[in-house]
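All remarks here apply to the structure that follows.
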Amino acid sequence: CNLGSINLGKFVLPNGGVDWEGLRQASRKAVHFLDNVVQVNPYTIPQIYDQVHKVRRIGLGVMGWADMLFRLQIPYDSQEALDLAEKVMQIINDEGHKMSEELAEKRGPFPLWSESIYADRKHPSFADKPSSYAYCSGKPIRNSTITTIAPTGTISIIGDCSSGIEPVFALAYIHRAKGDGGKTGYEMRYLTIANQTFEAIAKKKGFWSEDLAQKVMEQGSVSGIDGVPDVWQKVFTTAGEIAPDWHVKMQAAFQKYTDNAVSKTINLPNSATRDDVKAAY
């Protein structure tokens, strides 16, 4: 797993637009970096080294998607969000493939390129792919796959942003983690995790208060809290408040322009039945 994730929340401009050129450049640099990782990584055994170098598979994805939507004032469960998801991922995928082509010109394509689907543009794998540069170019590429979307569970905490393409699980919560061993070895650490984008916007829009912070910590969301404008209650929706079909639609929007798989969680209420799970699948 040679993965990298772009923090989308960092590409929202002060005026509310998206820094598309910045996103293009970040995508290119990330692909270059991940290809370098293939080259310098000390693989455990010769068989792994050989296979990795034959295909040079990398996986560039995203995190901070919910933060981007918050800053753009777009509800997660909306057509506007789905349209933006497709545009964002197409740019990342297209620019990633362009960079991989340029690296192939300088360093050579991955050794099994001539045996891959990319050497045959009429290959069945492309039958359901949307029209885009990444799947229509026909030029040799350096990496057999370029994009994937990982869960980013840990690195999103380190990066202080939302994970993957998920809505926030809660705007604030207590995270329990194993301690450093301690005297008994069973001590837990309790970490307060709060979404910084929510706090910043609430302060900017004038509805932040310590009382609000306490209520959000207790219930995890702003749903039904007096003092939070209805429009922002809709924007700051959490994972459990989003219907399963919107989770699936969001995954489909990103998957359309992603080479490999997309990690996605569907949160269901405790009352969910087997049929509810079946319907989501």
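Among the residues of the stretch 82-108, the one identified as open to solvent by less than 20 Å² (accessible area, probe 1.4 Å), of a type outside the set (A, V, I, L, M, F, W, C) and closer than 18 Å to Ala252 by Cβ is Asn93. The set of residues in the stretch 223-245 that are assigned to a helix (DSSP H, G or I) and either under 13 Å from Phe198 (Cα atoms) or among the aromatic types (Phe, Trp, Tyr) (or both) comprises Trp232, Gln233, Lys234, Val235.
Across the stretch 25-62, the qualifying residues are those that are among the hydroxyl-bearing types (Ser, Thr, Tyr) and over 15 Å from Glu101 (Cβ atoms), and the one among them that is least open to solvent (accessible area, probe 1.4 Å) is Tyr43.
Just one of Tyr76, Tyr43 is at negative phi, in contact with a Phe, Trp or Tyr (Cβ under 9 Å, 6 or more places away or on another chain) and modelled with pLDDT under 95; which is it?
Checking each option against the conditions leaves just Tyr43.
Counting just the residues of the stretch 116-142 that are outside any loop (DSSP other than H, G, I, E, B) and hydroxyl-bearing (Ser, Thr, Tyr), which one comes out nearest to Met99 (Cα to Cα)? Once the filter is applied, the top-ranked residue is Tyr133. Screening the stretch 137-154 for residues that are within 20 Å of Ala239 (Cα to Cα) and at pLDDT 95 or above and picking the one that is most open to solvent (accessible area, probe 1.4 Å) gives Pro151. Within the stretch 122-139, restricting attention to residues that are more than 24 Å from the chain's Cα centre (by Cα) and among the charged types (D, E, K, R), the residue that is farthest from Ala252 (Cα to Cα) is Lys139.
Let's see how each residue does on (1) outside any helix (DSSP H, G or I); (2) open to solvent by less than 80 Å² (accessible area, probe 1.4 Å); (3) of a type in the set (Asp, Glu); (4) within 28 Å of Gly4 (Cα to Cα):
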site: Phe207; (1), (2), (3), (4): yes, yes, no, no
site: Leu212; (1), (2), (3), (4): no, yes, no, no
site: Val216; (1), (2), (3), (4): no, yes, no, no
site: Ser221; (1), (2), (3), (4): yes, yes, no, no
site: His247; (1), (2), (3), (4): no, yes, no, yes
site: Asp259; (1), (2), (3), (4): yes, yes, yes, yes
site: Ile266; (1), (2), (3), (4): yes, yes, no, yes
site: Val277; (1), (2), (3), (4): no, yes, no, no
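The values are calculated or read from the model by the stated rules, or taken from the named source; none is laboratory data. On a predicted model such as this, the values are computed, not experimentally measured, just so you know. For neighbour counting, all protein chains shown are included, and Cβ atoms are generated from backbone atoms with ideal geometry for every residue, glycine included. Heads up: the accessible areas ignore ligands, DNA and RNA and are worked out on the full protein's heavy atoms, side chains in. Shrake-Rupley method; radii C 1.70, N 1.55, O 1.52, S 1.80 Å.
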